[in-house]
1. How many residues does the range 36-63 contain that are at pLDDT 90 or above and not in a strand (DSSP E or B)?
2. Step by step: first the residues of the range 26-46, then only those that are surrounded by 10 or more Cβ atoms within 10 Å (Cβ to Cβ) and without any contact (Cβ under 8 Å) to a residue 12 or more places away in the chain, then the one that is nearest to residue 3 (Cα to Cα). Which residue is that?
3. So if I check each of 23, 18, which one is surrounded by fewer than 13 Cβ atoms within 10 Å (Cβ to Cβ) and without any contact (Cβ under 8 Å) to a residue 40 or more places away in the chain?
4. Among the numbered conditions (1) in contact (Cβ under 8 Å) with a residue 24 or more places away in the chain; (2) part of a loop (DSSP other than H, G, I, E, B), tell me where residue 66 comes up short.
5. Assuming residue 9 fulfils every condition listed in (1) of a type outside the set (A, V, I, L, M, F, W, C); (2) over 21 Å from residue 57 (Cα atoms); (3) in contact (Cβ under 8 Å) with a residue 24 or more places away in the chain; (4) exposed (fewer than 12 other Cβ atoms within 10 Å of the Cβ) apart from one, which condition is it?
6. When you go through (1) without any contact (Cβ under 8 Å) to a residue 24 or more places away in the chain; (2) within 27 Å of residue 9 (Cα to Cα); (3) not polar (S, T, N, Q) one by one for residue 49, which number turns out not to apply?
Amino acid sequence: MDEWARCVELSRPGIIFEIRNAEGLSLFTECVQPPPDAPFDWKLPPLEFRPVVEPPAEHSDPIPLPRS
C-alpha cells in the first residue's frame, strides 16, 4: 500500500483496484486519493493492492410485488 500513488499510472478504462489485507479480505475501488478507508469489519489494515479487470454490470432481478 506504500505505492498506492502509483494507481494513477496503472489506471485504464475497465480497470479497478483490489485492496487486500492480511486476512485475505478484499475491497474493490477506483484510483482515489487518499485511498479509501478500510471497511468497519476489517481487523487488520490494508496490505496490498493490484489492478483487476472490472466485471461487467449485471441486471438484478425485479423486486417482487407486495402480497395482498
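1. Here is the first cut: in the range 36-63, the residues at pLDDT 90 or above are 36-54.
Narrowing the set further to residues that are not in a strand (DSSP E or B) leaves 36-45, 54.
Total satisfying the criteria: 11.
2. 32
3. From the options 23, 18, the qualifying one is 23.
4. It is condition (1) that residue 66 fails.
5. The single condition residue 9 does not satisfy is (3).
6. Condition not satisfied by residue 49: (1).
The values are calculated or read from the model by the stated rules, or taken from the named source; none is laboratory data. Please read all numbers here as calculations on a predicted model, not as lab measurements. No Cβ is skipped: glycine too gets one built from the backbone with ideal geometry, and neighbour counts run over all protein chains shown.
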